[in-house]
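Everything below concerns the one structure shown next.
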Amino acid sequence: MKDKIYWTYEDISIKNRKLLHKNVIVDSNKGKYYKPVYYYDSINTFDIETTTIKDAARPFAYMYIWQFCLDNDRVYMGRTWQDFRKFIKALKKKLRLSPSRRLIVYVHNLSYEFQFMKDFFEIYEVFQIGPHKFLSVLAEGIEFRCSYLLTNMNLDKLCKNTPTCTHNKLSGQTYNYTKIRTPFSIISDEELEYCYNDVKGLAECLEYRLNEDNLVTIPKTSTGFVRRDMRTAMAKNKNNYIIFKETALTPFLYRLNRLAFRGGDTHGNSLYTRQIIYNIKSRDIKSSYPASLLINTYPMGPFEEVDPVWYMSNFAELQKTTCALISVTYKDIEYAAPDNMPYIPASKCFELTDCTYDNGRVKSASFLSMALTDIDYKIIEGTYKYSEKIINKVFMADRGYLPAEFRETVIEYFRNKTRLDGIKESKYEYSKAKAKLNATYGMCVTKLDRAKVEWVEGELVTKVKSMNEILKEYYDSKNSFLPYQWGVWCTAWSRLRLRAAIQILGPDIRYCDTDSVFYVGDHEKEFEEMNNRLRIQAFNHGAYAQNSKGELLYLGLFEPDKEFKAFKYLGAKKYIGILTSGEWYCTIAGVNKDYGAKYFSEHGFDAFEDGKVIPNSGHLCAYYNDDKKHWIEINGQRFLTGSNIALVDQDYTIGLATDYRKLLEDIQNGIEHIF
């Protein structure tokens with residue numbers, strides 16, 4: 001192994017010195033302009049290994065070895081940041097790197113490495129897409145990019161899904177991350193192989209993915225591939241651009257859409273929370289969001305304010321041809337459906353008084369105001385009762401199907417995924433098609449008002465723009481083609497589809513999660529009848545595909561899913577159970593699924609209670625230390641370090657929200673009183 005690693009940096013070489021050209025947009029005080037930038041056509045990867053000191057007053061971490069795969073060929077390593085600076089200096093000199101002559105280097109989870117390396121570079125630009133989440137960083141002629149955000153897979157899965165990868169990720173348990181190592185620790189051959197494979201394997205994976213792209217054309221995120229396909233498809237029809245411009249939102253309408261937007265419907269029936277329930281079945285909607293994009297209708301024209309009284313007087317008829325954003329106030333509202341699954345999230349109400357909460361949902365309230373799509377409004381009308389309703393504002397837009405070019409691309413992804421499912425030799429192509437299908441929804445709900453962050457004199461500075469400026473830039477950009485409101489209606493349609501199943505189940509519903517329902521009793525006939533209707537609907541919109549066995553599969557149907565001998569939940573995203581196979585299953589936000597299943601298989605349902613602690617849950621707590629360069633001493637060895645992230649295994653305390661706990665106590669007291 002040591003023969004494969006380069007520890008000196010004088011003989012740096014790169015086989016492929018071809019330069020790729022790209023015009024990059026520069027946004028300066030004088031306005032936007034293009035400047036030419038050249039990239040080496042070379043695959044390079046970088047990684048570090050770190051040690052975390054947990055028992056300090058505040059946990060901290062440091063790097064003790066780094067590895068850099070140059071040109072998918074040589075792997076260079078070093079033990080200190082001084083070594084790394086020598087390597088970068090030699091690399092810059094050899095390749096004459098500058099901001100206009102760049103080397104692209106992929107890092108699998110750049111956000112982590114950046115926190116360690118930022119003090120040791122002169123940084124020019126950052127592309128941040130969330131708190132502590134970096135897509136790319138330009139430093140001294142090196143453009144670091146995040147390969148995790150490109151592939152949306154951890155390195156182990158990425159290597160296993162790449163046919164040409166020969167250096168798979170090795171076992172982290174065998175490597176033992178908890179071992180205290182320093183830049184002066186002796187690294188065994190096995191440990192060096194682990195480090196080597198992390199960068200060499202990643203380089204092999206990226207080379208395979210560049211069969212259809214080069215380093216200039218390849219998108220920076222997994223969603224970017226779908227966005228590019230969709231942009232190309234939509235551009236075939238000039239009418240799509242007209243629709244995009246016509247549906248442009250004002251700042252007020254954008255904020256109203258943001259208020260109306262919500263994700264999946266996830267909730268548990270509070271009458272059975274904390275109980276062990278036997279013989280649970282579940283049904284799962286096949287590709288719920290893609291089904292909504294293909295089958296349902298969306299705002300296809302500008303929103304215009306209309307008279308609320310007139311709209312409500314003609315609601316049933318108008319909903320057939322128009323979509324509506326509705327600002328509404330309810331007085332003395334109470335959930336009245338027999339399923340005991342309240343729909344309104346308290347977090348989406350901008351006014352709320354005297355609320356009885358049900359795990360974040362409004363069970364009852366004396367007063368609430370919120371923004372709704374016409375679909376959500378219809379659900380609320382069918383499940384809540386109230387003393388008074390005030391329609392504050394209504395904005396209406398023409399209703400229609402999404403453009404044919406958009407829907408045809410979604411269908412193509414679904415058919416590619418379906419025909420490859422189960423074919424061992426096509427595992428990579430299947431995972432690629434599946435990822436594309438799943439991303440069709442994600443690209444529709446990208447926030448337009450995401451803050452832009454710049455690197456100024458060693459600090460991240462948020463650049464604030466007005467909503468008018470943000471929307472003007474979005475709608476003027478040649479790269480933009482998706483009305484934000486399509487994503488808002490997509491999730492609303494999926495919630496309506498889920499509510500249809502909840503209505504069928506009535507009091508037998510126990511839990512729902514975005515695209516699945518968990519229930520007791522025999523409801524197979526009702527589901528089959530509903531699926532027959534959904535099957536016809538899907539067929540009429542081309543939302544079907546043939547698998548490798550010649551069977552036709554349809555989007556949007558409720559398919560049989562997991563069955564449990566015993567099942568218990570404590571609220572949204574918090575349930576465990578024993579499958580009919582005898583295996584334990586665990587879904588708890590903040591707990592590793594495999595670890596949770598193993599823990600409860602050993603400790604049983606009694607360990608799944610409010611206040612119980614799951615030790616070392618597999619959930620890591622991140623401590624961000626924004627220190628400047630400084631010297632530290634570990635085990636008598638002194639070395640240079642800088643800012644860092646300490647990732648510490650956390651115990652997980654199972655808990656109920658205070659309001660939810662009170663509701664459950666009231667329910668229990670009510671039951672005791674009855675008996």
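The values are calculated or read from the model by the stated rules, or taken from the named source; none is laboratory data. These numbers were taken from a predicted model, which means no experiment stands behind them. All Cβ positions, glycine included, derive from the backbone under ideal geometry; neighbour counts span all protein chains shown. The area values use the complete protein model at the heavy-atom level, side chains included, leaving out ligands, DNA and RNA. Shrake-Rupley method; radii C 1.70, N 1.55, O 1.52, S 1.80 Å.
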statement: Exactly one of VAL464, VAL517 is under 28 Å from GLN275 (Cβ atoms) and under 28 Å from the mean Cα position of the chain (by Cα), and that one is VAL517
- line: Turns out the strands (runs of 3 or more DSSP E) fully within region 553-600 with at least 3 residues that are of a type outside the set (Asp, Glu) are 564-569, 574-579, 584-588
query: So, of the residues in region 45-93 that are among the polar types (S, T, N, Q) and in a strand (DSSP E or B), which turns out to be farthest from GLY172 (Cα to Cα)?
result: THR45
field: Residue among TYR475, TYR484 that is within 24 Å of ARG227 (Cα to Cα), open to solvent by 10 Å² or more (accessible area, probe 1.4 Å) and at pLDDT 95 or above
entry: TYR475
Of all residues making up region 1-40, the number that are at pLDDT 90 or above, open to solvent by less than 40 Å² (accessible area, probe 1.4 Å) and touching a Lys or Arg at 6+ places or on another chain (Cβ under 6 Å): 3
query: more than 30 Å from TYR384 (Cα to Cα), at pLDDT 95 or above, open to solvent by less than 10 Å² (accessible area, probe 1.4 Å) and of a type in the set (A, V, I, L, M, F, W, C): does that describe ALA501?
result: no
Test: GLU559 is open to solvent by 30 Å² or more (accessible area, probe 1.4 Å) and in contact with a helix residue (DSSP H, G or I) (Cβ under 9 Å, 6 or more places away or on another chain): yes
query: Looking at region 270-286, which of its residues are touching a Pro at 6+ places or on another chain (Cβ under 9 Å), over 14 Å from TYR585 (Cα atoms) and either open to solvent by 30 Å² or more (accessible area, probe 1.4 Å) or free of Cβ contacts under 8 Å to residues at least 24 places away in the same chain (or both)?
result: LEU271, ASP284
message: Quick check on my filter: what residues within region 369-383 are open to solvent by less than 10 Å² (accessible area, probe 1.4 Å) and either farther than 17 Å from ALA260 by Cβ or charged (D, E, K, R) (or both)?
response: ASP374, ASP376
message: Exactly one of these conditions fails for LEU656: (1) part of a helix (DSSP H, G or I); (2) buried (at least 17 other Cβ atoms within 10 Å of the Cβ). Give me its number.
response: (1)
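Every residue, every condition in (1) at pLDDT below 95; (2) in contact with a Ser or Thr (Cβ under 9 Å, 6 or more places away or on another chain); (3) open to solvent by less than 70 Å² (accessible area, probe 1.4 Å); (4) polar (S, T, N, Q), yes or no:
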{"position": "ARG450", "(1), (2), (3), (4)": "yes, no, no, no"}
{"position": "VAL488", "(1), (2), (3), (4)": "no, yes, yes, no"}
{"position": "PRO507", "(1), (2), (3), (4)": "no, no, no, no"}
{"position": "GLU529", "(1), (2), (3), (4)": "no, no, no, no"}
message: Quick check on region 189-202. Is at least one of its residues at pLDDT below 95, over 28 Å from the mean Cα position of the chain (by Cα) and surrounded by fewer than 16 Cβ atoms within 10 Å (Cβ to Cβ)?
response: yes
field: Which listed residue, of ASP71, ASP55, is without any contact (Cβ under 8 Å) to a residue 12 or more places away in the chain and either out of contact with any Leu (no Cβ under 9 Å at 6 or more places or on another chain) or of a type in the set (Phe, Trp, Tyr) (or both)
entry: ASP55
- request: Could you check, for region 617-637, whether at least one of its residues is touching a residue at least 40 places away in the same chain (Cβ under 8 Å), farther than 18 Å from ALA57 by Cβ and open to solvent by less than 60 Å² (accessible area, probe 1.4 Å)?
  value: yes
- request: Name the single residue, out of those in region 305-323 being part of a loop (DSSP other than H, G, I, E, B) and in contact with an Asp or Glu (Cβ under 9 Å, 6 or more places away or on another chain), that is surrounded by the most Cβ atoms within 10 Å (Cβ to Cβ).
  value: GLN319
query: Quick check: anything in region 289-304 closer than 30 Å to SER270 by Cα, open to solvent by 10 Å² or more (accessible area, probe 1.4 Å) and of a type outside the set (A, V, I, L, M, F, W, C)?
result: yes
statement: Those residues of region 396-416 which are in contact (Cβ under 8 Å) with a residue 24 or more places away in the chain and open to solvent by 20 Å² or more (accessible area, probe 1.4 Å) amount to MET396, ASP398, ARG399, TYR401, ALA404, GLU405, ARG407, GLU408, ILE411, ARG415
message: Between LYS157, LYS179, LYS169, which is loosely packed, with under 14 Cβ neighbours inside 10 Å and part of a loop (DSSP other than H, G, I, E, B)?
response: LYS179
- request: Under 9 Å between Cβ atoms, at least 6 apart or on separate chains: pull out the pairs that start in region 490-513 with a residue that is free of Cβ contacts under 8 Å to residues at least 40 places away in the same chain and end on any residue that is in a helix (DSSP H, G or I) and open to solvent by less than 20 Å² (accessible area, probe 1.4 Å).
  value: ALA500/MET530; ILE504/PHE527; ILE504/MET530
